[in-house]
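The values are calculated or read from the model by the stated rules, or taken from the named source; none is laboratory data. Predicted model, so just to flag it, every value in this text is computed and none were measured. With ideal geometry, Cβ positions are generated from the backbone for all residues, glycine too; neighbour counts draw on all protein chains shown. Quick note on the areas: whole protein, heavy atoms, side chains included, nothing else; ligands and nucleic acids left out. Shrake-Rupley method; radii C 1.70, N 1.55, O 1.52, S 1.80 Å.
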Amino acid sequence: MHRQMCWLSKSGSDGAKVLHLQTAPSQPWRPYTAFPQFSVPDYQIPGGSKGWATYQKLLKAGWSLVPSARANEFSSSYAESTIQNQ
């Protein structure tokens, strides 16, 4: 099964990064909170990273971490190929 994680900004390239997950190559990156079957509650630390506890759990379970720049490339390439094939 395709299981990848990435830290992406909520709004554009500037901003706090939030853990995003992708469970299939053809699926878009979605926030970890969209996957209740995989996510765990965040640590109650002021200013802490959203998704850090889930990241730790999934890393131990064998999920791959993808660099943010690479995840954005995949998203752009997929979106472009989808538009071109329509």
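Quick notes on this structure:
- Segment 57-77, subset over 13 Å from the mean Cα position of the chain (by Cα) and more than 21 Å from Asp42 (Cα to Cα), residue modelled with the lowest pLDDT: Ser77
- Subset of segment 14-35 (residues that are in a loop (DSSP other than H, G, I, E, B), more than 18 Å from Gly62 (Cα to Cα) and without any contact (Cβ under 8 Å) to a residue 40 or more places away in the chain): Asp14, Gly15, Ala16, Gln27
- Any pair with Cβ under 8 angstrom, 6 or more apart, that starts in segment 46-57 at a residue that is over 12 Å from His20 (Cα atoms) and ends at one that is open to solvent by 80 Å² or more (accessible area, probe 1.4 Å) and of a type in the set (Ser, Thr, Tyr): Ala53/Tyr43
- Reported count of residues in segment 1-53, each being modelled with pLDDT under 95, open to solvent by 90 Å² or more (accessible area, probe 1.4 Å) and of a type in the set (S, T, N, Q), is 2.
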